[in-house]
Amino acid sequence: MLTRVEIKNLAKAYGQRRLFSNISVTIEYGTVFAVAGPNGAGKTTLLRIICGLLPPSAGEVSVSVDGRVLSAGERRAKIGLVSPDLELYNELSALENLEFFARLRGLPFSPEEARDLLAYVGLKGRENDLLAAFSSGLRQRLKLAYALQHRPPILVLDEPAANLDGEGVRLVENIIACQRKRGIVIMATNEPGEVAYGDRILTLGPQGHGCLPQGSAR
Amino acid sequence: MAVCRKDLRVEFRTRYAYSALLMFAVTVMVTVSFTVGGFLPDSGVAAALLWIILFFSAMAGLPRIFAQEEEKGTAAALRMAAAPETVLMGKYMYNAVLLFSLAVLLVPLFFVLLNQSVLLPGLFLAVLLLGLLGLAAVSTVLAAIVAKAEAKGLLMAVLSFPVLLPLLLTAVKATHNCLAGSREGVAASMLLLFCYDGVILAASFLLFAYIWDD
Amino acid sequence: MAAKIILGIWLAAVIIASFVYMSSTQGLGETGRIIIYHVPAAWIAVLAYLMATVNSLGYLRRHAIRLDRKAKVSAELGTVFCLLATVTGAIWSKAAWGLYWNWDPRQTSIVVLLLVYGAYFALRSSIADEDRRARLSAVYAIFAFLTVPFLVFIVPRVYFSLHPDLINIKERSFAMDRKMLVVFFSSLLGFTGLYAWLYNIRLRLEKLLHRAETRGEKHR
């Protein structure tokens with residue numbers, strides 16, 4: 001399955017405030033694409049547009065598998081998303097969360113496989129605890145499991161290492177390294193260390209700071 | 001199916017929606033029973049009261065189903081994993097189950113507290129079923145709209161009432177006939193309710209993607 | 001400009017004619033003159049609401065914000081004319097039946113219309129994002145419109161009507177003579193012109209407001 005993401009002349013504006021414009025990139029199979037930039041530069045927005053969760057103001061995103069362009073619904077099924085805006089269910093346990101999303105995606109659910117996945121993201125022994133009792137780091141680990149569950153060809157990671165400890169950061173590194181062999185990673189981050197994973201890097205927003213102009217304060 | 005089961009499981013653990021729904025309905029009914037002294041002279045008034053209680057209970061208890069997903073951020077996880085129609089179907093089934101289980105407790109209580117008797121019980125149940133199915137359909141799709149707006153609590157009743165008016169008028173009239181034991185016009189009313197439910201459901205499935213996706 | 005003046009003269013002539021030129025109606029007496037204003041107002045309300053629905057559908061299909069503006073302006077004007085029809089109707093009802101309000105089917109359906117569009121504006125004012133507001137209010141307008149055929153069918157079954165019937169010729173309780181028909185149709189035409197004029201002004205205003213808003217944001 002050769003997957004490819006094509007972004008053509010993409011622009012997004014809220015009202016009249018232009019976030020970004022004229023982004024054109026082709027992301028080929030086997031690449032890690034990193035989006036960097038300061039807060040408010042539009043990293044999360046760009047990722048949401050790629051996932052089809054937000055319409056762009058102009059331009060288009062097309063995802064193709066083996067040369068066939070996917071519809072918006074098919075596209076979502078091929079993407080695994082981790083994002084601070086995406087939460088799982090507090091009232092369900094880790095295992096129940098995975099079971100629910102597996103059934104929703106129409107996948108066969110096997111508890112053993114789900115346990116293996118949970119062990120991989122470092123949640124061994126917490127499978128049956130309700131999410132309400134999880135710390136933010138443990139939640140982030142479960143979100144990684146949610147994104148990997150259907151083995152998507154495209155992994156979209158928005159601040160994937162948020163709230164994670166040193167071991168968790170290594171888990172993210174491992175996930176990115178494995179995904180590069182199987183498809184595409186699209187990642188947004190502020191951490192210079194994480195940006196460095198990127199085979200290609202897109203920096204949004206103004207480059208660096210100038211000095212504040214002399215105001216009327218003096 | 002999965003969405004409905006997930007919601008039922010969550011609801012079973014927390015009981016937010018159901019307890020609020022039930023207590024609201026019981027409070028309204030006890031208030032009515034108190035103020036009229038337990039006797040209603042007219043079964044037409046009783047029929048109207050029953051549907052008013054059901055309407056406002058639905059307005060108070062059901063808008064949460066979508067607002068909760070949006071507020072807690074779980075809506076994005078749903079959007080990524082399922083087609084809009086799957087979500088709508090699950091939420092609709094959950095709403096219908098919730099309303100039926102409300103009616104199972106509320107309706108017997110209604111007959112006891114307000115000293116009503118029903119002369120055509122079979123037809124009455126059929127009218128109730130059709131009415132509740134429509135009520136669930138309208139409140140599901142409007143709850144999805146309201147979840148994306150401010151002032152959620154107030155907006156729900158305001159938006160629903162005009163849309164539900166054909167259902168309420170028909171259901172009240174048919175319920176009145178069933179209570180009073182007159183078969184006249186009940187079949188026509190049921191046909192009307194059936195068509196209304198069908199039209200609202202069909203429109204919901206056609207338009208839901210516009211509401212759900214940004 | 002010329003159109004505006006012609007419209008003013010035309011409507012002034014209709015008003016004068018409704019009191020001077022035409023005679024009082026058979027069956028309704030002097031109060032029947034209100035028909036010259038009441039019926040066209042109701043007609044414009046229906047026309048405007050219909051345009052609001054059509055533009056809402058158009059917005060969902062083509063996603064152009066100008067269609068949303070058209071829907072909104074139509075709904076506003078529809079509500080103004082609907083209120084005029086309600087008030088003139090209530091006044092006539094008091095004169096003819098002794099009561100301002102008696103839940104006649106026509107009164108019931110006009111109240112439902114007012115409620116629907118009241119809810120429509122409540123919804124619009126509670127959504128900040130322009131695109132989302134346009135989409136959700138369009139969906140709501142379509143849902144509300146879907147209930148109309150049901151109401152047309154149900155309301156007359158529930159409530160008994162005394163409203164004079166303009167359409168049903170066999171049982172009509174009054175008749176318009178030739179002079180009255182002339183004034184009536186002139187009024188209908190005048191009201192339609194008035195609506196078109198108001199519609200254009202409101203639409204232009206909305207466009208200017210939109211432009212001013214976006215320009216303000218650019219300078220911020």
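The values are calculated or read from the model by the stated rules, or taken from the named source; none is laboratory data. These numbers come from a predicted model, not from an experiment. All Cβ positions, even for glycine, are placed from backbone atoms using ideal geometry, and neighbour counts span all protein chains on display. Ligands, DNA and RNA are stripped out before the accessible areas are found, and what is left, the full protein with its side chains, is counted by its heavy atoms. Shrake-Rupley method; radii C 1.70, N 1.55, O 1.52, S 1.80 Å.
Overview of results
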quantity: Residues of the range C:112-126 satisfying the condition of being in a helix (DSSP H, G or I) and either touching a Lys or Arg at 6+ places or on another chain (Cβ under 7 Å) or within 7 Å of chain B (Cβ to nearest Cβ) (or both); calculated: C:Val112, C:Leu115, C:Val116, C:Ala119, C:Ala122, C:Leu123, C:Arg124
quantity: Sole exception among (1) at pLDDT 85 or above; (2) within 14 Å of chain A (Cβ to nearest Cβ) for B:Ala48, by number; calculated: (2)
quantity: Number of positions in the range B:138-171 that are within 14 Å of the chain's Cα centre (by Cα) and open to solvent by 10 Å² or more (accessible area, probe 1.4 Å); calculated: 4
quantity: Hits in the range A:44-62 (condition: of a type outside the set (Gly, Ala, Ser) and more than 10 Å from chain B (Cβ to nearest Cβ)); calculated: A:Thr44, A:Thr45, A:Leu46, A:Leu47, A:Ile49, A:Ile50, A:Pro56, A:Glu60, A:Val61
quantity: Of the criteria (1) within 9 Å of chain B (Cβ to nearest Cβ); (2) open to solvent by 20 Å² or more (accessible area, probe 1.4 Å); (3) in a loop (DSSP other than H, G, I, E, B), which one C:Trp103 fails; calculated: (1)
quantity: Any chance A:Arg115 is open to solvent by 70 Å² or more (accessible area, probe 1.4 Å), touching an Asp or Glu at 6+ places or on another chain (Cβ under 8 Å) and not β-branched (Val, Ile, Thr); calculated: yes
quantity: Selected residue (only one of A:Ala119, A:Ala94, A:Ala72, A:Ala102 is without any contact (Cβ under 8 Å) to a residue 24 or more places away in the chain and more than 29 Å from C:Glu130 (Cα to Cα)); calculated: A:Ala119
quantity: Matching residues, the range B:41-75, being open to solvent by 10 Å² or more (accessible area, probe 1.4 Å), in a helix (DSSP H, G or I) and among the small types (Gly, Ala, Ser); calculated: B:Ser43, B:Gly44, B:Ala48, B:Ala60
quantity: Among residues of the range C:51-100, those that are more than 24 Å from B:Asp213 (Cβ to Cβ) and not in a helix (DSSP H, G or I), counted; calculated: 3
quantity: Per-region count, the range A:152-168, residues outside any strand (DSSP E or B) and either in contact (Cβ under 8 Å) with a residue 60 or more places away in the chain or touching a Phe, Trp or Tyr at 6+ places or on another chain (Cβ under 7 Å) (or both); calculated: 5
quantity: Exclusive hit being modelled with pLDDT under 85 and either more than 14 Å from chain A (Cβ to nearest Cβ) or open to solvent by less than 10 Å² (accessible area, probe 1.4 Å) (or both), set B:Gly90, B:Gly38; calculated: B:Gly38
quantity: Among the residues listed as B:Thr175, B:Thr140, the single one being part of a helix (DSSP H, G or I), within 15 Å of B:Leu128 (Cβ to Cβ) and among the polar types (S, T, N, Q); calculated: B:Thr175
quantity: Residue in the range A:63-78 that is away from chain B (no Cβ under 14 Å), among the small types (Gly, Ala, Ser) and either open to solvent by less than 20 Å² (accessible area, probe 1.4 Å) or closer than 26 Å to A:Ser135 by Cβ (or both) present; calculated: yes
quantity: Only listed residue being part of a helix (DSSP H, G or I), free of Cβ contacts under 8 Å to residues at least 24 places away in the same chain, more than 29 Å from B:Lys173 (Cβ to Cβ) and facing another protein chain (nearest Cβ under 9 Å), chosen from C:Arg157, C:Arg132; calculated: C:Arg132
quantity: Residue within the range B:42-59 that is in contact (Cβ under 8 Å) with a residue 12 or more places away in the chain and in contact with an Asp or Glu (Cβ under 8 Å, 6 or more places away or on another chain) present; calculated: no
quantity: Failed condition for B:Trp212, given (1) within 11 Å of chain C (Cβ to nearest Cβ); (2) over 20 Å from C:Ser125 (Cβ atoms); (3) open to solvent by 20 Å² or more (accessible area, probe 1.4 Å); calculated: (3)
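Okay, residues lined up against (1) free of Cβ contacts under 8 Å to residues at least 40 places away in the same chain; (2) open to solvent by less than 60 Å² (accessible area, probe 1.4 Å):
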| residue | (1), (2) |
| --- | --- |
| A:Leu10 | no, yes |
| A:Tyr14 | yes, no |
| A:Arg18 | yes, no |
| A:Gly30 | no, yes |
| A:Asn39 | no, no |
| A:Leu46 | no, yes |
| A:Gly52 | yes, yes |
